[in-house]
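The values are calculated or read from the model by the stated rules, or taken from the named source; none is laboratory data. What you see is a predicted model, and the numbers here were worked out from it, not measured in a lab. No Cβ is skipped: glycine too gets one built from the backbone with ideal geometry, and neighbour counts run over all protein chains shown.
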Amino acid sequence: MESIKGQPVSWYRTKLDRETMNRLNEKSDAKGFAQTLGHLGLMALLAISALYSFGHWHWWVTVIWVFLYGTVASFTINAMHELIHKSVFKTQALNRLFVRIYSFLGWHHFEHFYRSHMRHHQFTLHPPDDLEVVLPVHIMVRDFFLTGFINPKGMYGTLKTTLRLARGKFEGDWENILFPANKPEISAPVIRWARILLIGHALILLVSLYFGWWLLPVLTTLSPLYGSWLFFVCNNTQHIGLQDDVDDFRLCCRTFTVNPVVQFLYWHMNYHIEHHMYAAVPCYNLAALHRAILHDLPDCPAGLVATWQEIFAIQHKQAKDPSYQHVVILPEQQSLI
């Protein structure tokens, strides 16, 4: 992809020997199924529990099961993200199959996201070449409570965007860069997928209405409406408060460690420096990559609480000085302190 500024970014990457890189880049259908079917299986288990509860237990028990389902289902976007990298499965047909399954379940526009995200990796936080993430990003505690439990505004925005794309309408600077009007062959798959989403979810609603399956659309079509609290505190950590217009992923991406359950649900994206530095490495190998380059990484917060303490401290400084960006201390600088 060509740079709007006219020059590529010469990224710093920790050097690794060829044998280590070959091992880390190795894709596995078995590991891909473990991650993918593990996640989908957990969603199915929670959905079945909610459906059974709906006819047998108190309503509030059903609400709990549905909310737990939403908590796990909110990470479908991370699954879609990994699958568009085509690194989850060695068999590429499986990547193509599961990216469509996850994208349908979560109302995700994977064709649109692919175009955006490839530029995001190539030009991370270098506007206008990357407008997928633009700093500064401000996250407040109230945002967590307004969107992390019930999020009607987000559901409305998802539906509105899908309807717009289904009509072939692309808006804003970023979409006009990604989908130029003189190249309809690029935008056609996006339009087609948006229409598939609308038709597919409309059929779910019609079938549910006909048979009286009232909980089915809640667990499918309406799943983006609720339960994104854990996704919120995981996904918003990736770049917030850090530097833009730098050529070192250690300065513009954040890695933190977290317990294995959350790491699994988050599709290992807590290793975000590693993911950007070597984007071809499958998500299930990112922990190994982290260990291989740990000597060259800045200090990584341990757990989500420590991570958000760091972020809120940065945002406190930004409230006083909007131009402030946190400058990470790199290993080669620590000996000078």
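Kindly indicate which of Thr76, Thr62 is crowded, with 21+ Cβ neighbours inside 10 Å and either in contact (Cβ under 8 Å) with a residue 60 or more places away in the chain or not charged (D, E, K, R) (or both).
Of the residues listed, the single one that is crowded, with 21+ Cβ neighbours inside 10 Å and either in contact (Cβ under 8 Å) with a residue 60 or more places away in the chain or not charged (D, E, K, R) (or both) is Thr76.
Would you pick out the residues in region 181-203 that are surrounded by fewer than 18 Cβ atoms within 10 Å (Cβ to Cβ), hydrophobic (A, V, I, L, M, F, W, C) and modelled with pLDDT of 95 or more?
Ile186, Ala188, Ile196, Leu198, Ile199, Ala202, Leu203
Give region 204-215 a look and list any residue that's assigned to a helix (DSSP H, G or I) and either surrounded by fewer than 17 Cβ atoms within 10 Å (Cβ to Cβ) or free of Cβ contacts under 8 Å to residues at least 40 places away in the same chain (or both), or say none.
Answer for region 204-215, where residues must be assigned to a helix (DSSP H, G or I) and either surrounded by fewer than 17 Cβ atoms within 10 Å (Cβ to Cβ) or free of Cβ contacts under 8 Å to residues at least 40 places away in the same chain (or both): Ile204, Leu205, Leu206, Val207, Ser208, Leu209, Tyr210, Phe211.
Kindly list the number of the only condition in (1) crowded, with 16+ Cβ neighbours inside 10 Å; (2) of a type outside the set (Val, Ile, Thr); (3) farther than 17 Å from Cys234 by Cβ that fails for His138.
Condition not satisfied by His138: (1).
Kindly establish whether Thr71 is crowded, with 22+ Cβ neighbours inside 10 Å and modelled with pLDDT of 95 or more.
Spelling it out, it is not the case that Thr71 is crowded, with 22+ Cβ neighbours inside 10 Å and modelled with pLDDT of 95 or more.
Failed condition for Ala93, given (1) farther than 22 Å from Ala47 by Cβ; (2) among the small types (Gly, Ala, Ser); (3) touching a residue at least 12 places away in the same chain (Cβ under 8 Å); (4) part of a helix (DSSP H, G or I), with all others met?
(3)
Go through (1) under 30 Å from Tyr324 (Cα atoms); (2) at pLDDT 95 or above; (3) surrounded by 17 or more Cβ atoms within 10 Å (Cβ to Cβ) one by one and return the number of the condition Met118 breaks.
Of (1) under 30 Å from Tyr324 (Cα atoms); (2) at pLDDT 95 or above; (3) surrounded by 17 or more Cβ atoms within 10 Å (Cβ to Cβ), only one is false for Met118: (3).
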